[in-house]
2 protein chains.
Amino acid sequence: MPHLSRRHLMIGAGAVPLAAPLAGLLSSPAAAQTGSGQQVPGLYRYKVGAIEVTAVNDGVRTFPLPDGFVRNASRDQVNAALEAAFQPKDVMSIQFNPLLINNGGKLTLIDTGNGPQPGNATVGKLRANLAWAGVKPADIQTVVISHFHGDHINGLRAEDGGLAFPNAEIMVPEAEWAFWMDEGEESRAPDALKANFQNVKRVFKDIDSKVARFAWDKEVVPGLTAVDAAGHTPGHTAFVLASGEGKLFIQSDVTNTPILFAPNPDWQVQFDMDGAKAAQTRKRIYDMLAAERLQLTGYHYPFPATGFIRKSGDGYEAVPAVWRPVL
Amino acid sequence: MPHLSRRHLMIGAGAVPLAAPLAGLLSSPAAAQTGSGQQVPGLYRYKVGAIEVTAVNDGVRTFPLPDGFVRNASRDQVNAALEAAFQPKDVMSIQFNPLLINNGGKLTLIDTGNGPQPGNATVGKLRANLAWAGVKPADIQTVVISHFHGDHINGLRAEDGGLAFPNAEIMVPEAEWAFWMDEGEESRAPDALKANFQNVKRVFKDIDSKVARFAWDKEVVPGLTAVDAAGHTPGHTAFVLASGEGKLFIQSDVTNTPILFAPNPDWQVQFDMDGAKAAQTRKRIYDMLAAERLQLTGYHYPFPATGFIRKSGDGYEAVPAVWRPVL
């Protein structure tokens with residue numbers, strides 16, 4: 001594009017002053033000889049009004065497509081959706097993307113990833129990626145939890161069982177807390193769900209004083225409002241982040257991967273505890289996102305996990321946001 | 001997604017051993033207090049068979065939509081395409097994405113970005129981003145050029161006028177060299193093009209001994225074959241990178257931003273020197289990419305600049321590749 005005049009080119013956003021580059025940082029000199037063999041850190045920043053948010057990838061799980069991964073779709077139907085998105089058949093790849101919110105220097109983290117893992121794991125990268133972003137665990141003032149599945153809460157604990165974010169107040173949806181802490185619900189739960197009850201108890205054991213509960217439609221921290229998105233779990237919560245003209249819908253698990261569930265909103269992933277209600281919530285929220293052309297971020301969206309929703313056929317299309325090299 | 005058994009989860013790709021994270025690397029401790037104010041380095045790695053490629057962003061230019069930016073579409077039509085992609089109206093944002101190829105330790109760079117810039121520029125980031133990737137300019141053994149527009153060749157020169165990649169052989173399309181070095185072509189060129197001729201002379205002055213010319217359909221470096229993509233310029237060249245089962249189509253400027261030109265392949269960007277031929281080339285190549293479901297990378301695609309093409313309506317849709325947190 002050689003013919004643009006200077007006049008056309010001067011309104012670009014401001015400079016991007018990088019810190020002094022360090023050779024060998026992302027790949028050792030030895031590795032550079034044969035290929036670095038590793039991906040760059042999963043970090044991406046964008047602005048919501050005056051607020052800076054950072055998608056912080058916790059990793060990816062890749063596994064053979066289990067029977068019943070989508071309760072109400074056949075393997076052939078799931079494979080057709082994968083193929084339409086240029087993905088390999090019979091394989092699922094699920095990503096995990098906590099969100100860091102920097103509002104005037106106050107750091108809030110939404111969801112905490114899969115937590116401590118064995119050395120060869122492909123998940124549990126949240127704290128390493130936060131460190132790349134210059135954020136220490138002790139800097140996080142608030143951790144907001146969307147719901148109590150392990151891939152969202154297990155990162156609250158460090159390797160030694162202590163709190164991974166030692167200075168953070170932990171804020172959880174009151175409906176979610178009420179369900180998982182209810183002995184009656186636990187006793188009535190099917191076996192497959194009992195491990196989840198036990199995991200919730202493990203994670204929240206002895207830290208009641210650090211945990212605050214919030215209601216839907218209330219501001220959790222400045223700019224961040226909790227939204228009823230029940231269905232996936234009884235207290236499953238989405239959020240709206242707003243600042244000035246900026247607005248971001250933080251969908252949590254309204255869908256799992258959009259590759260399957262945006263075009264097929266009636267499909268129920270096996271993790272949807274009330275599948276019919278989850279589908280109803282999905283369509284209600286995606287209709288709103290499409291009508292308002294509102295930017296969203298999804299915890300299980302492919303990194304950098306942000307985009308827009310438009311109606312397409314009987315469902316929706318998730319349009320990835322354009323990467324901005326300048327914040 | 002709490003119910004997956006270990007059995008399902010063990011086939012993920014290998015570990016991602018990160019170097020020791022450095023707090024404050026991407027944002028100073030002071031900046032972290034109010035927001036980092038800067039994007040992360042524009043780097044993304046993926047494999048093509050045994051070859052590791054890295055998209056290395058050179059930055060973005062953002063400017064008011066000029067009249068005639070698309071020769072044969074109205075402002076309203078261009079704005080409609082921008083709006084369909086959830087982009088602001090009346091603004092163009094063009095990115096620049098050179099590609100680094102690491103084939104068994106031999107480093108080849110395709111195109112060189114906008115070159116040295118004033119301090120506040122939003123382009124010219126190639127060498128800084130290469131440094132983040134652990135690659136020094138002296139490590140590059142070969143620079144392959146797709147065509148002679150300034151945003152592809154200006155990065156061959158450093159601030160002092162010397163060679164930016166001092167040890168690299170520079171390989172250029174012979175048809176491109178023949179056109180721009182032809183005194184007759186220059187004398188017949190319209191005024192708007194004369195600056196481009198002068199820039200080509202500036203960049204290639206006194207370095208004949210470093211420059212080799214390659215023909216279409218020939219292997220330029222191992223695994224990389226030049227493809228006739230003339231139209232955008234007389235010698236405009238695309239490439240196929242192949243290794244084992246892996247294959248990547250490197251489209252160079254077959255389209256400028258896919259936001260406008262994938263859905264509207266007959267539109268001619270003002271930089272297409274032979275607009276009709278460029279459109280013909282675009283449709284021929286995109287028909288092939290769609291039919292073969294072949295992954296592509298585009299120099300002006302939004303970072304990480306890789307995806308797939310499918311037919312859609314009277315044109316095409318560019319489907320971004322899914323980011324892979326594990327290489």
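The chain A residue nearest the rotation axis shared with chain B, using its Cβ and rounding the distance to whole Å, is A:Pro320, 3.
Two numbers describe the Cα atoms of the protein assembly as shown: Rg and Dmax, which are 25.1, 89 Å.
When each of A:Lys125, A:Lys210 is scored by the number of other beta-carbon atoms lying within 10 Å, the sequence from fewest to most is A:Lys210, A:Lys125.
Summarised as an ellipsoid, region A:95-222 has semi-axes of 24, 19, 12 Å, derived from the eigenvalues of the Cα gyration tensor scaled by 5 and square-rooted, with the largest first. In 10 Å bins starting at zero, report the fraction of Cα pairs in region A:38-176 per bin as a rounded %. Bin by bin from 0 Å, the calculated values are 11, 36, 30, 18, 4.
Number of Lys-Lys pairs in region B:40-320 with C-alpha atoms under 14 Å apart and a separation of 8 or more places or on different chains: 4. Evaluated at q = 0.21 Å⁻¹, a Debye calculation over the C-alpha positions of region B:171-327 (equal weights, vacuum) places log10 I(q)/I(0) at -1.38. A simple charge model with +1 on the Cβ of Lys and Arg, -1 on the Cβ of Asp and Glu and nothing else charged puts the dipole of the protein assembly as shown at about 560 debye relative to its Cα centre. Between copies, the label points of B:Asn72, set 7 Å from Cα on the Cα→Cβ line, lie 4.8 nm apart, reported in increasing order to one decimal in nanometres. Every Cα-Cα pair in chain B was counted, and those over 25 Å apart are 53% of them. Eigen-decomposition of the gyration tensor built on the alpha-carbon atoms of region A:166-253 gives equivalent ellipsoid semi-axes of 27, 16, 10 angstrom, largest listed first.
Volume per residue of the convex hull around the Cα atoms, evaluated for region B:53-121, comes out as 136 Å³. Exposure proxy for A:His300, A:His152: other Cβ atoms within 10 Å of each Cβ, ordered fewest to most, give A:His300, A:His152.
As a proxy for reagent exposure, A:Thr237, A:Thr225 were ordered by neighbouring Cβ count within 10 angstrom, fewest first; the result is A:Thr225, A:Thr237.
Normalise the Debye intensity by I(0) for region A:175-216, one equal point scatterer per Cα, no solvent, then take log10 at q = 0.14, 0.23, 0.32 Å⁻¹ and round to two decimals. For the requested q values the scattering log ratios are -0.34, -0.82, -1.18. By the Cα gyration tensor, region A:244-292 has an equivalent ellipsoid whose semi-axes, rounded to whole angstrom, run 21, 11, 10 from largest to smallest. Per-residue ellipticity at 222 nm, computed for chain B from helices alone with -39500 (n - 2.57) per DSSP H run of at least four residues, works out to -6500 deg cm²/dmol. The same position B:Glu317 in the other copies lies at 0.3 nm from this copy, comparing label points 7 Å beyond Cα toward the beta-carbon, shortest first. Can you grab the distance from the C-alpha centre of region B:274-327 to the C-alpha centre of region B:181-199, Å, no decimals? Here the answer is 31 Å between Cα centres.
For chain B, relative contact order (Cα pairs under 8 Å, six or more residues apart, normalised by length) works out to 16 percent.
Label point of A:Gly105 (7 Å along Cα→beta-carbon): distances to the other copies' equivalent points are 5.0 nm, sorted ascending.
Read-outs: derived from the displayed coordinates by stated rules, not from any lab. Bear in mind the structure is a predicted one, so any value in this text is a computation, not a measurement. Quick reminder, even Gly has a Cβ in these numbers, built from the backbone with ideal geometry, and neighbours come from all protein chains shown.
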